[in-house]
Amino acid sequence: MATETPSTTGDGNIESTGSGREPPGPDGLPVIGNTFALMRDVFSFYERLAQEYDGDVARYRAAGDTAYLLTNPDYVAQVLVTDAPRFVKGEMQQRQIGSAFGEGMLLAEYDDWRDQRTTAQPAFYRDRIEAYAPVAVSHAEAMMTEWDDAETIKVHDAMTELTLSVLAQALFGIDVRGRQSPVRAAATAARKRFDTSRLGAYLPEWLPTRVNRQYKHSLSSFRAFIDELIAERRAADELDEDLLSLLVGATDAGGMDDNTLRDNMATFLFAGHETTALALTYTWFLLGHHPDIQERLHAELDAVLDDSPPTAADLPKLDYTEQVVTEAMRLYPPVWTTFREPTVDIEIGGYTIPEGTVVSLPQWIVHRDERWYDDPLEFRPERWGGDDDRPEYAYYPFGGGPRHCIGMRFARMEARLVVATLAQEFTIESLTDAPLDLTASANTLPAEPVEIGLFRR
Ligand code: HEM
């Protein structure tokens with residue numbers, strides 16, 4: 001799906017292609033536009049927009065920005081891949097998450113972005129990724145030893161703790177078990193700050209609201225924690241071959257400044273654990289509501305692994321495990337939409353999308369579109385079992401084009417290994433009702449704790 005081709009993102013000489021037709025959409029109230037409808041429930045608002053207007057392109061207004069919702073996979077591909085040089089991440093994202101991620105890879109543009117991506121890339125080569133497999137399995141095993149038979153756990157908390165410890169060990173060579181609090185506190189404050197159902201998500205960060213104060217305070221503790229990690233690594237006799245060493249090495253060689261190093265540590269610590277934790281949370285929730293699917297998963301694990309812990313070499317044989325994780329990320333994509341802004345007027349689907357406006361490419365809508373999926377609300381891992389004739393961008397949990405997720409292979413490997421390790425040992429029962437109540441923050445979050453019961457097999 002995704003390519004590793006270097007991008008020539010935006011060189012300022014790119015021509016407009018717009019024809020002048022404006023996409024249809026609700027007008028909303030003067031000034032605030034559709035902000036209240038979005039706040040009530042952005043998922044339903046998007047669903048209504050996609051149904052009531054053109055079906056593939058619709059216009060709306062939120063918090064002073066004009067935005068366009070694109071729900072046709074071909075248009076998603078146009079923005080992310082074909083026309084990638086005509087788009088940037090944009091001002092809205094800078095305004096929202098800029099203070100957390102600054103000049104790090106997620107938000108950087110043009111040459112800055114390319115240099116950072118090139119520096120970090122070796123940490124994500126296939127053989128490096130496979131070397132992280134034992135970390136994922138051993139941390140999952142250690143977590144399981146804390147669980148009793150017939151215990152109830154809050155699965156999102158457990159998976160967050162697990163994916164953060166795996167990420168920190170694999171990419172930064174540090175054991176954060178027992179010292180996760182600055183990262184967890186910053187993540188919790190960020191979830192509140194960007195929760196689209198709260199007015200605060202649409203207010204500027206400099207306003208001294210309680211949520212903003214908490215957010216700033218937790219960001220400064222988080223940054224102090226990152227400085228500690230960098231200092232520890234600089235003090236070490238030898239540099240490992242991990243991501244932290246690549247970043248520190250590039251900084252010491254003058255290719256990256258200290259602030260960008262810090263911003264990238266923040267970017268990877270956040271981007272690298274919260275999304276994977278969500279993918280696993282939704283996978284357990286769905287498995288816990290489908291004993292038949294769980295039975296088939298157990299049968300595959302028993303046949304392939306024969307009671308041994310899973311390894312990277314087993315993954316190509318664990319087809320059904322892969323289908324389960326793929327399907328969970330279809331139904332509950334951890335990233336509910338991807339935003340871009342065109343740097344010139346651009347023609348998409350016969351409409352003009354003006355320069356500087358916001359374009360939203362919602363995984364949430366496209367992954368649940370019945371044009372590409374039969375019974376789209378059903379959890380059906382088998383749908384990934386054979387060839388399919390869906391458009392390529394009917395499924396894009398990791399984005400696409402030059403800015404696709406650099407951690408995609410890492411995340412997919414970790415998710416399958418964790419599912420295999422835990423499902424070998426436990427049968428899951430979901431104690432939280434379906435369908436799940438969700439909140440759209442920077443990621444797709446469960447609105448309430450998701451509880452599962454664990455029964456030793
Ligand atoms: C299931 C887990 C994950 C999901 C669903 C996910 C999703 C995404 C998506 C949709 C994007 C593209 C954003 C955009 O185009 O605006 C992205 C970018 C990114 N992700 Fe992930 N991600 C996951 C795991 C990870 C992991 C494990 C890491 C790091 C180890 C990571 C690091 C990043 C970074 C640094 C970027 C920015 C890449 C760039 O702009 O060049 N992600 N991710």
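All of the numbers you see were taken from the coordinates with simple rules; none came from a lab. For clarity, every value in this text was computed on a predicted model and none was experimentally measured. Glycine gets a Cβ as well: all are built from the backbone with ideal geometry, and neighbour counts include every protein chain shown.
Lysine pairs in the chain with Cα distance under 29 Å, only those 8 or more apart or on different chains: how many are there? Don't skip to the answer; put the middle values down first.
On the way: 89/192; 89/216; 154/192; 154/216; 192/216.
Going through the chain pair by pair, I get 5.
Rounded to the nearest Hz, the phi-derived 3J(HN,Hα) couplings of the stretch 337-346 under the Karplus curve 6.51 cos²θ - 1.76 cosθ + 1.60 (θ = phi - 60°) are 8, 10, 9, 9, 10, x, 8, 9, 4, 9, where x marks glycine and proline.
A cut-off of 5 Å between modelled amide H atoms, ignoring neighbours fewer than 5 places along the same chain, links residue 151 with 454. When shorter helices are ignored and each DSSP H run of at least 4 residues is given -39500 (n - 2.57), the per-residue value for the chain at 222 nm works out to -14000 deg cm²/dmol.
Remark: the stretch 133-148, residue by residue, has Karplus-estimated 3J(HN,Hα) of 4, x, 5, 4, 5, 5, 5, 5, 5, 4, 5, 5, 5, 7, 9, 9 Hz, where x stands for each Gly or Pro and the curve is 6.51 cos²θ - 1.76 cosθ + 1.60 at θ = phi - 60°.
Extension gain, residue 82 to residue 374, is 102.3 nm, computed as 0.36 nm per intervening residue step minus the present C-alpha separation. Across the stretch 181-186, rounded Karplus estimates of 3J(HN,Hα) from the backbone phi angles (6.51 cos²θ - 1.76 cosθ + 1.60, θ = phi - 60°) give 4, x, 6, 5, 5, 5 Hz, Gly and Pro being marked x.
Restricting everything to alpha-carbon atoms, can you work out Rg to Rh for the stretch 389-457 with a Kirkwood hydrodynamic radius?
Over the Cα atoms of the stretch 389-457, Rg/Rh equals 1.05.
Does the stretch 298-457 come out rounded, prolate or oblate by the C-alpha gyration tensor, with a ≥ b ≥ c the root eigenvalues, rounded set by a/c under 1.5 and, if not, prolate when a/b is larger than b/c and oblate if not? In terms of gyration-tensor shape, prolate. Which one of 219, 423, 174 has its Cα pushed farthest toward the positive end of the charge dipole of the stretch 35-456, where Lys and Arg give +1 and Asp and Glu give -1 at the Cβ? So the residue we want is 219.
By the beta-carbon count within 10 Å of each Cβ, the least crowded to most crowded order of 317, 192, fewest first, is 317, 192.
The tail of the calculated P(r) for the chain beyond 42 Å holds 13 percent of all Cα-Cα pairs.
Once you have a ≥ b ≥ c as the square roots of the Cα gyration tensor eigenvalues for the stretch 359-423, tell me rounded if a/c is under 1.5, and otherwise prolate or oblate according to whether a/b is larger than b/c. Oblate, since a/c reaches 1.5 and b/c is not below a/b. Relative intensity of the stretch 53-190 on a log10 scale, I(q)/I(0) at q = 0.20, 0.22 Å⁻¹, equals -1.24, -1.31, per a Debye sum over C-alpha point scatterers of equal strength in the absence of solvent.
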